[in-house]
Amino acid sequence: MYTEEQLLSEIKELLENDELYALYEDTYQKYKYYFDTTNYIVLNVYQFNDHGAIHVLLTTRRALEVLKILKKFGIETTAEKLGKPFDWSKFIVSFGALFHDIGNMIHRDNHYQFSVLLAGPIIDELAKKFEKKDWLLLKALTLNAIYTHDEAVSCTTIEGSCVTIADGCDMEEGRSRLAYKKDKVDIHAVSALAIDKVEIKEGDEDTPILVEVWMKHLAGIFQVDEILTKKVKSSLLSGKVKIRIHAGEETLEKVV
């Protein structure tokens with residue numbers, strides 16, 4: 001469904017910054033074995049779904065989509081509130097999304113904490129390349145975005161909120177964020193296979209983020225409630241996100 005080449009091209013277009021994209025792509029290629037190893041463990045030890053290269057690229061693209069929409073609607077990012085340029089927010093969102101799941105290679109429980117532990121030295125190096133003066137602040141905000149991507153942790157930045165919502169949108173058929181055993185038929189499995197497509201679009205002034213979800217049948221709502229809704233509520237964008245569900249001839253909407 002998604003390819004590395006396609007997603008990298010879309011990320012480049014969304015970043016609108018050749019220097020930042022070059023740093024992102026070089027980092028992705030350099031640490032791709034991290035994502036591949038994480039995915040190998042997740043698939044073969046935990047028997048979950050994909051948490052590898054495609055997931056982190058897709059999460060990056062979607063997080064940048066959310067960020068772009070927020071910018072268009074005049075919502076100030078945390079970096080901007082701290083007097084930093086918008087490109088800081090792009091850096092935080094991009095690398096926060098890229099490394100948010102690598103902690104899974106250590107353990108699924110509290111994986112967001114392990115992600116911060118593993119990503120720390122990498123983000124340190126990247127922040128120093130991108131920002132000479134306040135690199136430590138940039139590093140701290142990026143690690144924050146990694147740490148808060150899990151719904152168990154409340155977001156404290158707009159950039160982290162972009163990452164957690166983007167992560168929650170990766171629930172299309174075969175890409176469910178909800179753990180389920182392939183050989184077991186229950187609501188988790190049925191729901192995980194029900195969703196065909198998820199898209200992030202511009203909403204309106206009240207709810208600038210619109211997430212459209214197309215599903216085969218309404219069992220997919222379980223997936224939406226258990227994954228996406230919880231992540232939105234843990235973010236700073238709660239109340240600014242509308243989820244529109246298409247199931248056959250039925251269309252349901254809710255503001256989260």
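Some observations on this one:
- For the chain, built as a Gaussian network whose Cα springs stay under 10 Å, the top-fluctuating residue of ALA152, ALA79, ALA63: ALA152
- Oblate is the label for the range 187-255, because a/c, from the alpha-carbon gyration tensor with a ≥ b ≥ c as root eigenvalues, is 1.5 or above and a/b does not exceed b/c.
- As a fraction of the 1.4 Å probe accessible area of the range 101-177, surface on carbon and sulfur atoms comes out at 54 percent.
- Relative contact order (percent, whole number), the chain, Cα cutoff 8 Å, 6+ residue spacing: 16
- Full extension of the chain between THR251 and ASP18 yields a length gain of 79.9 nm, computed as 0.36 nm times the residue separation minus the alpha carbon distance.
- Potential extension, TYR2-ASP36 segment - 0.36 nm per residue separation minus Cα distance: 10.6 nm
- In summary, the aspartates and glutamates within cross-link reach of LYS216, defined as a Cα separation below 18 angstrom excluding same-chain residues under 8 places away, comprise ASP170, GLU172, GLU173, ASP186, ASP196, GLU199, ASP225, GLU226, GLU249, GLU250, GLU253.
- Springs between Cα atoms under 10 Å define the GNM used for the chain, and in it the highest mean-square fluctuation of LYS216, LYS12, LYS30 occurs at LYS30.
- Estimated 222 nm signal from helices in the chain, with DSSP H stretches of n ≥ 4 weighted -39500 (n - 2.57), rounded to 500: -15500 deg cm²/dmol
- Accessible area of the range 205-256 divided out per residue, in Å², using a probe of 1.4 angstrom: 45
- In the set [x] 17.2, 55; [y] 17.8, 52; [z] 16.6, 48, the label that goes with Rg and Dmax of the Cα atoms in Å computed for this structure is [x].
The values are calculated or read from the model by the stated rules, or taken from the named source; none is laboratory data. These numbers were taken from a predicted model, which means no experiment stands behind them. Side chains included, ligands, DNA and RNA excluded: accessible areas come from the protein's heavy atoms. Shrake-Rupley method; radii C 1.70, N 1.55, O 1.52, S 1.80 Å.
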